[in-house]
Structures are given as C-alpha cells and as structure tokens.
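Okay, structure first, notes after.
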Amino acid sequence: MKYKIIFWPCIKKLGNLSFSIFLLLLISGISILGTIIEQDQTIEYYQANYPLDTNKVLGIDWKTIEFFKLNELYSNWGFLGLLTIFGLSLVVCTLSTQMPGLKNARRWKFKKQTGLNDILSKDKIPNIVCPSSLVYFLSQSNYYTFHQSFYLYSYKGLLGRLAPILVHISLINILIGSLISLLTGVSFQEMIPEGELFHLKNIIKSGKLSSIPDDFIGQINDFNIEYHSDGSVKQFYSNIAIINKKFKVIANKTISVNEPLYFQGFTLYQSDWQVNGLKLKIGRKHIVHVPLYKTTNNNQSYWIASFDNKITLLISDLYKPILCYDNNGSLLQSLNLKEKVIVNNIPLEIIEIIKSTGIQIKKDQGIPIIYSNFFLLMLSTIVSYNSYSQLWLINYCNEIKIFGTTNRAKLKFEHYVLSLKNMIINLY
Amino acid sequence: MTSNIIENNCVNISFALLLICLLSYWCDLTFPKIHWFKYTSKITTIIINILIGTSLGIRWVNMQYFPLSNLYESLLFLTWCLTCIQIILEQNTNSPIIGSLITPIELFIVAFASLSLPSDMQQASPLVPALRSNWLMMHVTIMMLSYSCLIIGSLLSILFLIIWKRQFKTILISNSGGLPVSKQTLISQEQTKFNNKARNKLYNRMNILESIDNLSYRIIGLGFPLLTIGIISGAVWANEAWGSYWSWDPKETWALITWLIFASYLHARLNKLWQGEKPAILASIGFLIVWICYLGVNFLGKGLHSYGWIP
C-alpha cells in the first residue's frame, strides 16, 4: 500500500504535460552542452582546454568533465536515463491521456444546456429545418451525426485524435529500435588491398548481445577512383564478392559511397581508401615493393616514394603520370604504368600502384524497427494536424441553437458554422 | 554574356529590389490608404523570387546537380523559400506585417551571401562522393523549407511578445481600430463570402494579438512536420552513406534541439495554463536555435555538415 501511495503519483507526474515540456527542454539543454564540450577526446585534451584555474569555460574544469562523464555525454548513464524517462513519459501520456481521449471522442454527447464555457461558436437560426436536412448537410462535410428528439450531435476528425497516439507510439518504437541497435549492433572496419580476401576482424563497435560471425569471407576484385576534370575525387568504386566456404561467389556488387551492398543482414559500405605502395621492376627481373607516404598540400593529397636514395616518385592522382625527381628536386621524367624507361641509368618499369579500399561492414537488427517507425512518425505527424471538431444543434424555444468546439483551426471552424447557418437560411 | 554573369546579376538585382521592397512594406504599414505601396511590395517580392530562382536554376543547369552543396547556394535557396512562403501568406492574409518582418531577414541573408562570403565559396564546385545522392535534394530542400517556416513563425511570435509587452491586449481590428492597419488585415479573404453582419462579428472578435498568435502557430505547425521529415530523411541518408543513422554530429544534434524546442512549443499550446506569452517565448528561443543550427554549427568548422569556413 505504501508503495502504491508513492508509485502512482510518480507515474501520474510522468504523463503530466508541464513535466513533458520540462523534459523536452532538459534534453535540449543537455544536448547543447554536448555540442559545446568536445566529445570523445583524450584526458590530456580536457586538461589543456579546461584547466583547474579561475578562468573556467562555462565554470567547468576537466575534473568536472571527468566526474560527470561530460566527455561522453550522449552515451553516459545520466543521458540514457533521461531518454528512458522520456520514453516512459510517452508511454504514460499515451495510456493515461490520449487513449482515454480517443475513446471518449468516439462517444456521442448530447448537451441539454447552453451555458458552456468551451463554446467557440454560438448561433441561432429559425426553427424551420427538419433534422434530416441538417444531418445531410453535416454528412456532406464528413461529420458523424447522432440525433435524439430535440438534440443533434456531430463530430469529425477522429484521425486528429488518433494521430498523436501514433506519434507517441512511433517515438517509443524508435527508442526501442535504438536500444536494440545498441545491444545487438556490430560494426567492422577493414582496409583491404585490391584482389585480397578478407574476414571480419577489426571490430569498431559491438553491442553487449551482438554475435560475430566467423564464416564471413569477402574478396575485393577491383578498386577504382573516378575523378572530376579539376582533379577532385568524384566517386570511389569497390567490386566486392561474398564467398561461401566452398569458395563459390554468392553475392557480387560494385559498391560506392551512397551505394552499399546488402547481404543477409550485413551492409557493406565504401568508407575509405589508401595507397600502400608501388610495385616496381628494376632491370629485367628484379621486382620490388616500395612503400608510399601520404602528404597534403593545399587540400590536395600526394604520395611520395623514394628508392636507391637517388630517385623520388610523386603521385597526385591514380590515373595521371607519376612524376620522377632527383635528389635536388629537379623533374627527371613523367612515367605511366607499364611504361619501360631509363631513369638515372636505371631501367625502370612501374608495374602497378598497390591500393587498398576501406570497407565498413555493419549488422544492425534495430534498423527495420527504426525505419518503419520513421515512416509512421512522418505520416502521423502530418495527420495529427487534422482538427477534431464537435457540433451541437438544439431545438430551443422555437429556435435552433448551433454551438461547437474544436481543438485546431478555430477560425476555419467559425467559418464553417457561419456557412452552415447561411446555407440553411438560403435553402429555407 | 556568360551564365555566371547572369547568375551574379540576378542576385545583385534581387538585393537592390529587397531594399526597395523593404521600404515599400514599411511605407504600407505607415500609410495603409496608399495602395500603391502594397502593389509595389507584392510585385517586387514576386520578381525577387523569380530572380533568385533563376540564379539557382542556372547553377542547376551548369553543374548538373541541385545547387545545395555549399553555404552560398543554401543561403540563396533559404531566401527563395522565405519569399515563396511570404507570397503565399500575403495572398491569404492580405497584410503588410508579414512582409515587413520577413524582408529584413531576406535582405540580411542575401547581403551576407553576396558580400561576406569569400568569392571562392560562392563558386559552384563538383560534388564530393558523399553528396552524390538523390537524398541531397530530398533532405536539404525539406530542411530549408522547414527552417523558412520556423523562422517566419518564430518572428511572428517575437512580434507577438513585443505587442504583448506594450500591452496592446485589447486593440480590435474593427472599423474604429486603434492601429494603422486596414480592415482586411490578418483576416482571411474567405470571409468575404459571408454577409456583413457575420463578417463584422468576426472582425470584432479577432484582435491583433490573437491573429498574430494564430498565424504563428499555423506556420510553425507547417514547419514542424517538415523538420521531422527532414531529420528522418537525413538519418536514412546517413545510414545509406556512412552506416550510421545518428552519430551526434553537431549539426544533427542542433537539428534535434530545434525539433525538441518546437515540440515543446506545440505541447505548450495544448496546456491551458501556458496560453499566450509562454509558448511565444519558446518560439522566440526557437528563432535563435534555428539560426545556430543553420549557420552557427557550420562556423565551428567541426562535424560532417561543416562548410569549413570561419568568418
């Protein structure tokens, strides 16, 4: 009994409208804090930027950040707890306010008195109209009408009462879907050289209940980069084959950014790429692998390789000639792939540029729930603007009194009441 | 005459016309009986809309993608959206108040885009791989439309608060109205269908505060579902491109904050105890939040949505 006394007021409070508004604003405030304080940085970073002196930024020092876990704000228990309370608030509000409201909205309500506070429109018209005519007029405007002796009751826009429930349900389900993603989702990031097989090894994120498959085998058949005329990257393409244990190809697709490969719950994304090195043929038979080092100048990437301490090779684009420099930085020659040349009396042939493609592999069981509820949320948000209107017509002292109420578009509703009155007067 | 010159001229002319438009709106507010100002401002707004639309259209044809890839293009598109909504609202309300509120914002945006942004940021450049998607048009256009609606709705709420503070609570739009606003002001043209007696009844009932508040609510009511669709389409696109529908990127987070602020505004409107001033304060905060979300985050130079420019 004691628990009931404490428990029920708390549950009721969760469904309270003012509390919901406060909760929305609190989540906003904490989210703002998360954009001001840099997230997921090292402790040294916070010690340097939020020192323990008097000139504190926002009155916050690194110890406060560490204590309240403000460096991982969106994943700490406080914020997740707040989202849980938000979810519970949605559930309570839906069950205690909106569901009964919908149930009540479907009932007929004959009003016998006219002294109402919630009357939006009140008008008198001469009592010369038979009820069936009024019912017809109202049904033309999609009103559900109930008639009983001298009283007429109409309502329309029940969807406007149902839609907020669907909005809440979709938000609850999105939170549930996110929780499923958090618990069962798993992500891998692999950097695979062209032509190589790969397994799922490099885990970047995994949920507590996630399972890691050991029989997943893929192969990168080809990796290409498409360039714009100005030399900037247009698109990356990786041809991926998924192979079974018998080394038979069971799925194949050329993926690119925005065009992933979907396979048995896995999604393979084109994420990154790198140039590893050059395969050179020196002389007639001597083949060497020369590593490449990346450098950036004016937002343009370059790869540099040096060998024999005499020659430096520079690549700016995978499909442009490779520039060859000596120790003094003088341009000796520009080389194309498979082209045999003599540089500094050394017979040289660049067989290939060894490049790797970055593939992100993800399995997320929460996605179907999230996507379907995204759709429901969009639909129900739009439908929720449908107004729920009620009309009462009372035969009162040789006059018909029209009065009504609506939850939205009050001016439009007044227009309707006036037009209803005018139509009746014009008709009779 | 190259397409670049035509495009620049369109923007420059629209800037000049915005100045003329602003003056004519303010004159219309001051001298409501001189109808010439009303027509001038209406026609000028339509011309501005066409000019900015032409400028964006030229870019679209030249670059073969919808011009929303950099800050300059998105600022122009925002102005185009604002002028579109302004034209529609004016058609429905027949009031100079809306134009005189929105035009300074449009003027500021065009001035900022044309004068403050470096010339290399105004140039159209090829799309990076992540933006090469049909989602670009879907997500960004809806977000910009929602920002436009929310900016206008919030501006009206700020106006509501200003009038509220000055305690013009009982000024009615009637034949003897206390403000220099024509009889038609802020009342839908649909009312002309009704007889004089009924019309006067409505005019007397609707005061300025109520009509501004109602209009603000209706516009925010349009902007909120658009923002919802925009955030959702962005999440779906992010999942298609990066494998994560939500990564707490600063822009994403601020879009969520904007959504939460306006969700609390719409909930506050349902609360009987929160009528009038309190929801308007929330919407006014929303005005600031929208601008931080749209511009502020980009200038931090952080995150997946950053245009990488610090003024």
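The values are calculated or read from the model by the stated rules, or taken from the named source; none is laboratory data. Since the model is a prediction, treat every value here as computed from it, not as a measurement. So basically every Cβ, Gly included, is an ideal-geometry build from the backbone, and we count neighbours across all protein chains shown. In case anyone asks, the SASA skips ligands and DNA or RNA and just uses the protein heavy atoms, side chains included. Shrake-Rupley method; radii C 1.70, N 1.55, O 1.52, S 1.80 Å.
Filter region B:237-251 for residues that are in a helix (DSSP H, G or I) and open to solvent by less than 20 Å² (accessible area, probe 1.4 Å); which is nearest to the other protein chains (Cβ to nearest Cβ)? Give the derivation first.
So in region B:237-251, the residues in a helix (DSSP H, G or I) come out as B:237-241, B:250-251.
Still in the list and also open to solvent by less than 20 Å² (accessible area, probe 1.4 Å): B:238-239, B:241.
Details: B:ALA238: 10, B:ASN239: 7, B:ALA241: 5 Å.
Among those residues, the one meeting the criterion is B:ALA241.
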Flagged in region A:314-367 as more than 30 Å from A:LYS208 (Cα to Cα) and small (Gly, Ala, Ser), in numbering order, are A:SER316, A:GLY329, A:SER330, A:SER334, A:SER356
Pairs returned, first residue in region A:202-221 that is among the charged types (D, E, K, R), second residue that is assigned to a strand (DSSP E or B), beta-carbon separation under 8 angstrom, 6 or more apart or interchain, are A:LYS205/A:VAL186; A:LYS205/A:SER187
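Using the structure shown, decide if B:PHE77 is open to solvent by 30 Å² or more (accessible area, probe 1.4 Å), under 14 Å from the mean Cα position of the chain (by Cα) and over 24 Å from B:GLU210 (Cα atoms). Let's see the steps before the verdict.
Values: open to solvent by 30 Å² or more (accessible area, probe 1.4 Å): no; under 14 Å from the mean Cα position of the chain (by Cα): yes; over 24 Å from B:GLU210 (Cα atoms): yes.
So B:PHE77 does not fit the description; no.
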* Asked: Before we move on, is B:LEU115 closer than 23 Å to B:LEU156 by Cα and away from every other protein chain (no Cβ under 14 Å)?
  -> no
Filtering region A:242-256 for residues that are farther than 18 Å from A:SER271 by Cβ and either in contact with a Ser or Thr (Cβ under 6 Å, 6 or more places away or on another chain) or not polar (S, T, N, Q) (or both) leaves a count of 8
Contact list, first residue from region A:266-283 and outside the structural domain of A:LYS362 (by TED's automatic domain parsing) and on the phi < 0 side of the Ramachandran plot, second anywhere and assigned to a strand (DSSP E or B) and of a type in the set (Asp, Glu), beta-carbon distance below 6 Å, six or more apart or interchain, is A:LYS279/A:GLU352; A:LYS281/A:GLU349
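Results for (1) acidic (Asp, Glu); (2) within 11 Å of another protein chain (Cβ to nearest Cβ); (3) open to solvent by 30 Å² or more (accessible area, probe 1.4 Å), shown as yes or no for each residue.
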{"position": "A:CYS10", "(1), (2), (3)": "no, no, yes"}
{"position": "A:LEU17", "(1), (2), (3)": "no, yes, yes"}
{"position": "A:SER20", "(1), (2), (3)": "no, yes, no"}
{"position": "A:THR35", "(1), (2), (3)": "no, yes, no"}
{"position": "A:GLU38", "(1), (2), (3)": "yes, yes, yes"}
{"position": "A:ILE43", "(1), (2), (3)": "no, no, yes"}
{"position": "A:GLN47", "(1), (2), (3)": "no, no, yes"}
{"position": "A:PRO51", "(1), (2), (3)": "no, no, yes"}
Among A:LEU171, A:LEU162, A:LEU209, A:LEU200, the single one that is aliphatic (A, V, I, L, M) and loosely packed, with under 15 Cβ neighbours inside 10 Å is A:LEU209
Note on region B:229-260: residues under 17 Å from the mean Cα position of the chain (by Cα) and without any contact (Cβ under 8 Å) to a residue 60 or more places away in the chain are B:TRP259
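So if I check each of B:ILE173, B:ILE151, which one is surrounded by 17 or more Cβ atoms within 10 Å (Cβ to Cβ), modelled with pLDDT under 85, of a type in the set (A, V, I, L, M, F, W, C) and touching a Leu at 6+ places or on another chain (Cβ under 9 Å)?
Values: B:ILE151 fails: modelled with pLDDT under 85.
Exactly one residue qualifies, and that residue is B:ILE173.
Within region A:237-252, can you find the residues that are open to solvent by less than 70 Å² (accessible area, probe 1.4 Å) and modelled with pLDDT of 85 or more?
Narrowing region A:237-252 to residues open to solvent by less than 70 Å² (accessible area, probe 1.4 Å): A:238-244, A:251.
If the condition is that a residue be open to solvent by less than 70 Å² (accessible area, probe 1.4 Å) and modelled with pLDDT of 85 or more, then A:SER238, A:ASN239, A:ILE240, A:ALA241, A:ILE242, A:ALA251 are the ones that fit.
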Would you confirm, using the coordinates I've provided, whether A:TYR151 is open to solvent by less than 40 Å² (accessible area, probe 1.4 Å) and touching a Phe, Trp or Tyr at 6+ places or on another chain (Cβ under 9 Å)?
no
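Anything in region A:192-236 that is part of a strand (DSSP E or B), more than 11 Å from chain B (Cβ to nearest Cβ) and either of a type in the set (Ser, Thr, Tyr) or within 26 Å of the chain's Cα centre (by Cα) (or both)? List them, or say none.
First, pick out the residues of region A:192-236 that are part of a strand (DSSP E or B): A:192-193, A:197-198, A:203-206, A:217-227, A:233-236.
Next, from what is left, pick out any that are more than 11 Å from chain B (Cβ to nearest Cβ): A:192-193, A:197-198, A:203, A:206, A:217-224.
Of everything in region A:192-236, those that are part of a strand (DSSP E or B), more than 11 Å from chain B (Cβ to nearest Cβ) and either of a type in the set (Ser, Thr, Tyr) or within 26 Å of the chain's Cα centre (by Cα) (or both) turn out to be A:ILE203, A:SER206.
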TODO: Might you let me know whether region B:60-72 holds any residue that is in the same structural domain as B:SER24 (by TED's automatic domain parsing), of a type in the set (A, V, I, L, M) and over 21 Å from B:CYS293 (Cα atoms)?
DONE: yes
Only unsatisfied item for B:LEU76, checking (1) of a type in the set (A, V, I, L, M, F, W, C); (2) assigned by TED's automatic domain parsing to the domain that holds B:GLY230; (3) within 23 Å of B:ALA16 (Cβ to Cβ), is (2)
When every residue in region B:252-265 that is more than 7 Å from every other protein chain (Cβ to nearest Cβ) and farther than 30 Å from A:GLY265 by Cα is compared, the one most open to solvent (accessible area, probe 1.4 Å) is B:TRP259
Per the list (1) of a type in the set (A, V, I, L, M); (2) open to solvent by 30 Å² or more (accessible area, probe 1.4 Å); (3) in contact (Cβ under 8 Å) with a residue 12 or more places away in the chain, residue check on B:LEU68 breaks on (2)
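Every residue in region B:1-59 that is of a type in the set (Val, Ile, Thr) and either outside any helix (DSSP H, G or I) or open to solvent by less than 60 Å² (accessible area, probe 1.4 Å) (or both), please. Lay out the reasoning, then the answer.
Residues of region B:1-59 of a type in the set (Val, Ile, Thr): B:2, B:5-6, B:11, B:13, B:20, B:30, B:34, B:40, B:43-48, B:50, B:52, B:54, B:58.
The answer is B:THR2, B:VAL11, B:ILE34, B:THR40, B:THR44, B:THR45, B:ILE48, B:ILE52, B:THR54, B:ILE58.
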Residue pairs within 7 Å by beta carbon, gap of at least six or interchain, first lying in region A:142-156 and of a type in the set (Gly, Ala, Ser), second part of a loop (DSSP other than H, G, I, E, B), listed first then second, are A:SER154/A:TYR143
